[in-house]
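The values are calculated or read from the model by the stated rules, or taken from the named source; none is laboratory data. Bear in mind that the values here come from a model prediction, so they are computed numbers and not experimental data. Reconstructed Cβ throughout: ideal geometry from the backbone, glycine too, with neighbour counts over all protein chains shown.
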Ligand SMILES: Cc1cc2nc3c(=O)[nH]c(=O)nc-3n(C[C@H](O)[C@H](O)[C@H](O)COP(=O)(O)OP(=O)(O)OC[C@H]3O[C@@H](n4cnc5c(N)ncnc54)[C@H](O)[C@@H]3O)c2cc1C
């Protein structure tokens, strides 16, 4: 599949895995082999989003944190305002980008968004022995867990739990994450100082996000990014900016839109308007 899609990769034996990630040395006997993707990159999404917000502010964007959106007000086939805990906000165009919560705001408008929360967990552990720590990102395919080096910390993330909007932190899940990292990079991090977190991945049935127009002319969608929301964030933003501006999209976007879920879009999902949509 990788070859067919032109993705560079290398198949490694256990020695080559350890050469790429010296911290795996003590776990070498357990390693059957590895698949290396030299084109992949790792980054700190917190740093990225904070810096992006600073750049956006400098360009004149206003962020309004700590405010909840109660509903969208429609009139004459358009959205005229958003009702929030801090009052009514009027605008020309609106982008619905509320992750797993997007369907709740869209449903009263007759838009049935197939986006469902899939819960994942992570631990972030301070590095205490850099020689034993990962250099970049290692996917543990046995436990389906990603182990990433973030400067002087190790981030371990994974799991896919169908638990609605429950945000409780299960100690059993933490134990699995701890086991996975200790099994491969034993002694690299201080587990007693681990920060445990969970989040909801906004999944769609076909795994592709919903980016583009909605059945309402001035309401745009940017949701359903599932397991790869940060990876796809800049690309989705590019596509949506082009669509909102009425430009030809730089990235091919015909298959990203909500239209694929309409009955006429051959995927069999029922929804309100039934109208065919561009992009
Ligand atoms: C453990 C874990 C590991 C992950 N690892 C990766 C990874 O390595 N790479 C990657 O690319 N992606 C990863 N993801 C996926 C990524 O986090 C998501 O795809 C991404 O966060 C989706 O972004 P979003 O902005 O669409 O939604 P969210 O990040 O869910 O943001 C939606 C926001 O809307 C707010 N909101 C919702 N309803 C309302 C309302 N009514 N009023 C006001 N605010 C509201 C929420 O509070 C939230 O802040 C991971 C996810 C998890 C759980």
Among the residues of segment 218-248, the number that are outside any helix (DSSP H, G or I), touching a strand residue (DSSP E or B) at 6+ places or on another chain (Cβ under 6 Å) and farther than 21 Å from residue 53 by Cβ is 4
State whether the residues of segment 94-109 include one that is at negative phi, outside the structural domain of residue 19 (by TED's automatic domain parsing) and exposed (fewer than 13 other Cβ atoms within 10 Å of the Cβ).
yes
For segment 1-30, enumerate the residues that are farther than 26 Å from residue 228 by Cβ, in contact with a helix residue (DSSP H, G or I) (Cβ under 7 Å, 6 or more places away or on another chain) and surrounded by 15 or more Cβ atoms within 10 Å (Cβ to Cβ).
14, 18, 27
Only residues in segment 167-183 that are under 19 Å from residue 26 (Cβ atoms) count as the first member; pair them with residues that are assigned to a helix (DSSP H, G or I) and modelled with pLDDT of 95 or more, Cβ under 6 angstrom, at least 6 apart or cross-chain, and list the lot.
178/191
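I'd like the full set of residues that are more than 8 Å from the ligand (Cβ to nearest atom), farther than 16 Å from residue 107 by Cα and either in contact (Cβ under 8 Å) with a residue 24 or more places away in the chain or crowded, with 20+ Cβ neighbours inside 10 Å (or both), limited to segment 219-237.
Listed by number, the list holds a single entry, 236.
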When you go through (1) in contact with a helix residue (DSSP H, G or I) (Cβ under 6 Å, 6 or more places away or on another chain); (2) in a strand (DSSP E or B); (3) within 12 Å of the ligand (Cβ to nearest atom) one by one for residue 197, which number turns out not to apply?
(1)
Restricting attention to segment 238-254, and to residues there that are closer than 30 Å to residue 76 by Cβ and in contact (Cβ under 8 Å) with a residue 12 or more places away in the chain, which single residue is nearest to the ligand (Cβ to nearest atom)?
240
Consider residue 202 carefully, then state whether it is in a loop (DSSP other than H, G, I, E, B) and either in contact with a helix residue (DSSP H, G or I) (Cβ under 8 Å, 6 or more places away or on another chain) or under 30 Å from residue 30 (Cβ atoms) (or both).
no
